[in-house]
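Report on one structure; see the data block that follows.
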Amino acid sequence: MGTCRSAMHLAALMLTVFHLPLRIVHLAAAMSDPYTSPQFTAVPSDLIVAGGQTATLQCGVSGEPPPSVAWFREGGGEVTSGGRYTVSSTSGELTVSGVELSDEGSYYCVASNAVGSVRSLSASLQLAGMALATNPPITYIDVRWFSLYIDGKESC
């Protein structure tokens with residue numbers, strides 16, 4: 001009786017060993033499906049826009065299954081649709097309406113699907129003419145000494 005149990009145990013072990021390569025072959029066949037990791041077709045580039053205008057950052061992607069796109073601000077976390085920000089689920093664009101000083105910074109996109117994910121380089125969003133606006137305006141001229149010349153002669 002003891003010999004019979006050992007033979008059955010060995011047969012079960014042999015069966016498991018034979019099934020293991022079949023499962024690996026099946027997984028290899030599944031991995032050969034036409035899925036592709038996300039790739040960029042358009043990447044964000046630096047923008048300089050006037051205050052109050054609309055800024056659109058591009059993030060075109062391809063892949064199978066079609067990737068989703070998420071936008072992030074360096075040091076600020078994910079940027080989602082809401083308020084003045086719109087993230088397009090079809091084109092992958094980030095649109096900022098009524099750009100203001102608080103919107104300045106670096107932005108990047110991440111495209112993801114079941115196969116993988118890819119991160120773009122950062123693009124900066126800047127307001128046009130902001131360097132000039134940071135200098136205080138001239139409100140008066142301090143005149144301590146001047147000479148007035150009329151017909152080439154000094155007149156006080």
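We did not get these values from a lab; they are worked out from the coordinates using the rules stated. Owing to the predicted nature of the structure, the values given are computational and were not obtained by experimental measurement.
Quote to one decimal, in nm, the extra length available between Ser89 and Glu64 on full extension: 0.36 nm per residue of separation minus the C-alpha distance between them.
Full extension of this stretch gives 7.4 nm more.
I need the phi-derived Karplus couplings for region 79-91: 6.51 cos²θ - 1.76 cosθ + 1.60, θ = phi - 60°, integer Hz, Gly and Pro marked x.
9, 10, 5, x, x, 8, 9, 9, 10, 7, 6, 8, 9
Mind listing the long-range amide H neighbours of Gly60? Cut-off is under 5 Å, sequence gap 5 or more, other chains count too, H placed in the peptide plane at 1.01 Å from N.
Thr41, Ala42, Val43
From zero up to wherever the largest Cα-Cα distance of region 36-131 sits, split into 10 Å bins and tell me the percent of pairs in each.
In whole percents, the pair-distance histogram is 18, 50, 25, 7, 1.
Would you grab the residues whose amide H sits under 5 Å from the one on Gln126? Only those 5+ places off in sequence or on another chain, please, with H modelled 1.01 Å from N.
HN-HN under 5 Å from Gln126: Leu47, Ile48, Val49.
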